1. Scan the range 102-126 for residues that are loosely packed, with under 14 Cβ neighbours inside 10 Å and without any contact (Cβ under 8 Å) to a residue 12 or more places away in the chain and report the count.
2. Regarding the range 20-34, can at least one residue be identified that is over 24 Å from residue 140 (Cβ atoms), touching a Ser or Thr at 6+ places or on another chain (Cβ under 7 Å), modelled with pLDDT of 90 or more and hydrophobic (A, V, I, L, M, F, W, C)?
3. Any residue in the range 52-78 that is of a type outside the set (A, V, I, L, M) sitting within a Cβ distance under 8 Å of a residue that is buried (at least 23 other Cβ atoms within 10 Å of the Cβ) and assigned to a helix (DSSP H, G or I)? List the pairs, counting only those 6 or more apart or interchain.
4. Does residue 87 meet the test of being in a loop (DSSP other than H, G, I, E, B), more than 15 Å from the chain's Cα centre (by Cα), over 22 Å from residue 14 (Cα atoms) and charged (D, E, K, R)?
5. Residue 99 passes all but one of (1) out of contact with any helix residue (DSSP H, G or I) (no Cβ under 8 Å at 6 or more places or on another chain); (2) within 19 Å of residue 7 (Cβ to Cβ); (3) crowded, with 18+ Cβ neighbours inside 10 Å; which number fails?
Amino acid sequence: MNQRNWKIRKAKVDDAKGLKNCMDLAYSKYLDRLEGERLPPMDVDYEAEISSFPVWVVESDGKIVGGLILMFEDDQATLANVAVHPDFQGTGLGRMLMDLVESEAKHRGYTEMRLATHVLLSENISFYLHLGWSEIGRDSTRVYMRKSV
């Protein structure tokens, strides 16, 4: 896919259905590995997320093909969710979204970001490590990571 077809913008409540569809498709490829366990982003009320938190979507030809949700707390910025439609994975769109995450955190004056990902999503863990994130802990289902920005 050509990057020129992508448009990143702040989400509107009207984007909730398209964002949910994108997230469901992005995460559904892991269901076999997780033995049918649903990942939390598959059960989110995206209207509520868009109303409550800073959310961005990526459009291509009028369709939402990526998105991210940030949370800003007193001492850190948290990447609550980021996903790219399967047809757009491997195109650099995920990297572009992660660059936006860092830029937005810096712009708001944060020096640290955090995220959590499922322990079985090894590709995501590797991607975050490649981008300079470091693992700070894990439990039976999640790997917790941070990055200074």
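1. Residues in the range 102-126 being loosely packed, with under 14 Cβ neighbours inside 10 Å and without any contact (Cβ under 8 Å) to a residue 12 or more places away in the chain: 6 in total.
2. No, because not a single residue in the range 20-34 is over 24 Å from residue 140 (Cβ atoms), touching a Ser or Thr at 6+ places or on another chain (Cβ under 7 Å), modelled with pLDDT of 90 or more and hydrophobic (A, V, I, L, M, F, W, C).
3. Hits for this filter: 66/22; 67/19; 67/22; 67/23.
4. no
5. So residue 99 meets the others, but not (3).
The values are calculated or read from the model by the stated rules, or taken from the named source; none is laboratory data. Predicted, not measured: the structure shown is a model, and the values here were computed from it. Using ideal geometry, Cβ is built from the backbone for each residue, glycine included, and neighbour counts are taken over all protein chains shown.
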